[in-house]
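Remarks on the structure that follows.
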Amino acid sequence: MKQKTTIAQGDHSNQYSPDTMRKTKMLSSTFSKKTLCIFFLPAGLFMAAFLLFPLLKLVYDSFFDVGDRYDGRTFVGLKNYIKAFTSHQFQMDSWNTLVYVVVAVGIETILGLALAVILTNKYKGFKAIRTFILSPLMIAPLVAGLVWKFMLSGQFGIVNVLLVRIGLLRSTDSILWLSDSRFALLSCIIADVWLTTPFMMLMFLAGIQSIPDSLYESASVEGANKWQVIIHIIIPNIKGVLFSALVIRVIDAARTFDIIWAMTQGGPQGSSELLSVHIYKMLQRYGDVGYASAMAVIFIVVLIAITLMTQLKKDKR
């Protein structure tokens, strides 16, 4: 019996020898990779058909002067790119886009962080307040633009009515938010801040809730005030979340179209026109496919460069 038991044990050990286990893991790994490839194949085909091909077509069209109905094309080389860089309207729209991104994202970051810090503390009714603040996320950007267009109207807009009642304006037409070139871009920024601040708050709130309570306890023992807690504990511990939120919002704000189009369509006199709106007008209204494609390629390259630079900076840290 002992001999049979020994032989059985020997056979069992041979069955699960290191070589056998290594081969089994290799087969399992190979099978997993093949399975993953099969599962990702439809997504890859979808990306190639609806992302890669249009992008290549965009770059291709940027080197041609295309007719309004695509009835003919003439190779012009870098003419469309030179036209874009030397165009006063393109330069002005680029400046408007930069101002829009910096101001909107900056305000959203500050407000989002402040709201996240406030709503981290649990008090009576904080869940209801949090839900109320997050409600703009449920509204489409186009709808939000239309809502703010009516609210900022000089004739019946509630914003000017409230400003008159509290004594800041003499009449409801004292400030024409959407018709005055001084306030048109600012009006669009206000709508964007209202719509997107809840997203920033939600990102920061998730990061703050992951901070260990022991850090707050240590700060309390050392006598740190709330401002010192924010500066030395909260912000350093949510740098990753803060960085990711900023990158997402910068790219998203730079390509904003719905809010601008719904509120001002880039007017008056192009004062609120961003690059996305200018590209759309060149393509749809004026039928300049080559020029619009060249501007779109420049725009995409800039966004990709911003993403890569921020990612490299993050990796170095």
Along the dipole axis of the chain (charges at Cβ: +1 for Lys and Arg, -1 for Asp and Glu; origin at the Cα centre), the most positive-end residue among 152, 305, 188 is 305
FRET efficiency, 1/(1 + (r/R0)^6) with R0 41 Å, evaluated for residue 209 and residue 59 via beta carbons: 0.40
Convert 25 °C to kelvin, take the viscosity as 0.890 mPa s, use the Kirkwood radius over C-alpha pairs of segment 234-286 as Rh, and evaluate the Stokes-Einstein diffusion coefficient in µm²/s, rounded to a whole number. 191 µm²/s
Using alpha carbons only, how many degrees (0 to 90, rounded to 10) separate the axis of helix 2-15 from the longest principal axis of the chain? 30 degrees
Return the calculated 222 nm mean residue ellipticity for the chain, to the nearest 500 deg cm²/dmol, obtained by summing -39500 (n - 2.57) across DSSP H runs with n ≥ 4 and dividing by the residue count. -22000 deg cm²/dmol
Explain nothing, just compute: Karplus ³J(HN,Hα) = 6.51 cos²θ - 1.76 cosθ + 1.60, θ = phi - 60°, for every residue of segment 195-210 in order, whole Hz, x for Gly and Pro. 6, 10, 4, x, 5, 5, 4, 5, 5, 5, 5, 5, x, 5, 5, 8
Given +1 on the Cβ of Lys and Arg, -1 on the Cβ of Asp and Glu, and no further charges, what dipole in debye does segment 110-243 carry about its Cα centre, rounded to the nearest 20? 300 debye
For segment 38-195, restrict the atom set to alpha-carbon positions and state the Rg and Dmax in Å. 23.0, 68
Near residue 263, within a Cβ-to-Cβ distance under 12 Å, what is the net charge of the other residues, with Lys and Arg +1 and Asp and Glu -1? -2
In debye to the nearest 20, the charge dipole size for the chain, taken about the Cα centre with +1 at each Lys and Arg Cβ and -1 at each Asp and Glu Cβ, equals 1040 debye
On each of the three principal axes of the Cα atoms of segment 172-317, give max minus min coordinate, whole Å, ordered largest first. 66, 46, 19
At the level of C-alpha centres, the distance separating segment 192-230 and segment 115-166, in angstrom, is 22 Å
Compactness relative to 2.2 N^0.38 Å, alpha carbon Rg of the chain: 1.45
Contour minus Cα-Cα span, residue 182 to residue 91, at 0.36 nm per residue, comes to 31.0 nm
For the residue 164, residue 138 Cβ pair and Förster radius 35 Å, calculated FRET efficiency rounded to 0.05 is 0.70
Which FRET efficiency value, to the nearest 0.05, is calculated for residue 150 and residue 123 with the Förster distance at 45 angstrom and r the Cβ-Cβ distance? 0.85
Projecting each Cα onto the charge dipole of the chain (Lys/Arg +1, Asp/Glu -1 at the beta carbon, about the Cα centre), which of 36, 177, 125 comes out farthest on the positive side? 36
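Bear in mind these aren't lab numbers, they're just calculated from the coordinates by the rules spelled out. Everything quoted here is computed from the prediction, not taken from an experiment. Counting neighbours? That spans all protein chains shown, and the Cβs are built from the backbone with ideal geometry, glycine included.
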